[in-house]
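The values are calculated or read from the model by the stated rules, or taken from the named source; none is laboratory data. Note that the coordinates shown come from a computational prediction; the quantities given were computed from them, not determined experimentally. Don't worry about glycine lacking a Cβ; one is built from the backbone with ideal geometry, like all the others, and counts go over all protein chains shown. Areas reflect the complete protein model, heavy atoms only, side chains present, ligands, DNA and RNA absent. Shrake-Rupley method; radii C 1.70, N 1.55, O 1.52, S 1.80 Å.
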Amino acid sequence: MEFRSNKPEETKNLGIKLADIIKNNNNYFSQIILLTGDLGAGKTVFAKGLAEGLELDVNITSPTFNLINEYEGHPGLIHMDFYRLDKKEELIQIGFEEYLNMEAVKAIEWPQLAFDYLGDEFIFIKITNLNENEREIIIEAEGKKSQNILKGLNKYGNTWD
Ligand SMILES: Nc1ncnc2c1ncn2[C@@H]1O[C@H](COP(=O)(O)OP(=O)(O)OP(=O)(O)O)[C@@H](O)[C@H]1O
Ligand SMILES: [Mg+2]
């Protein structure tokens, strides 16, 4: 699926919709969502939408320095950012596999080092800067559950509100 976002609120709204679908079906509670795109693309903005759609009463901040932020909920959200990591071994040291096994939505910024550990279910989001406020957002699904979630997103149609 492909979207165009013209302002941060639109990117956030897409995250809200995706999280809404996940929250409404407990089969989706462990969903992995990979967020890729350059610095400042809007990955954290999207993750804020996920938190809002999951109805977590939190003001999420970028995990660039602490790498993993965990928010409780039903389901909760584990927000990760591996920009600062260099090696796969470091992922294991910070307990990445344990986090993966938790029942919570996992949103991972800069997920490149994590690919080997992911398994066969994930949603892949790529945000591209077109200009200062415009973004292209491509969303793809790997695995049956993830594909079903995207079908749900498709039913929302291409509107932002
Ligand atoms: N259409 C848009 N969607 C998302 N963000 C936008 C948009 N237009 C402008 N922005 C701005 O772009 C910035 C995106 O920042 P954000 O922290 O989400 O990026 P990021 O992809 O998480 O970067 P990093 O790799 O550094 O973590 C924000 O300042 C936001 O206001
Ligand atoms: Mg970020």
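For the condition open to solvent by 90 Å² or more (accessible area, probe 1.4 Å), at positive phi and within 16 Å of the chain's Cα centre (by Cα), GLU2 does not qualify.
Any residue at all in the range 61-70 that is closer than 18 Å to ASP20 by Cα and either touching a strand residue (DSSP E or B) at 6+ places or on another chain (Cβ under 8 Å) or within 13 Å of ligand 2 (Cβ to nearest atom) (or both)? Scanning the range 61-70, I find no residue that is closer than 18 Å to ASP20 by Cα and either touching a strand residue (DSSP E or B) at 6+ places or on another chain (Cβ under 8 Å) or within 13 Å of ligand 2 (Cβ to nearest atom) (or both), so the answer is no.
A quick yes/no check of all residues on (1) under 22 Å from GLN147 (Cβ atoms); (2) within 16 Å of ligand 1 (Cβ to nearest atom); (3) touching a residue at least 60 places away in the same chain (Cβ under 8 Å):
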| residue | (1), (2), (3) |
| --- | --- |
| SER5 | no, yes, yes |
| LYS23 | yes, no, no |
| ILE33 | yes, yes, yes |
| LEU67 | no, yes, no |
| GLY76 | no, no, no |
| ASP81 | no, yes, no |
| ARG84 | no, yes, no |
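Screening the range 21-123 for strands (runs of 3 or more DSSP E) wholly inside it with 1 or more residues that are surrounded by fewer than 19 Cβ atoms within 10 Å (Cβ to Cβ) and aromatic (Phe, Trp, Tyr) returns the ranges 68-71. Contact map, the range 37-55: first residue more than 12 Å from ALA107 (Cα to Cα) and more than 6 Å from ligand 1 (Cβ to nearest atom), second residue open to solvent by 60 Å² or more (accessible area, probe 1.4 Å) and among the charged types (D, E, K, R), Cβ cut-off under 9 Å, separation 6 or more or different chains; pairs are GLU52/LYS12.
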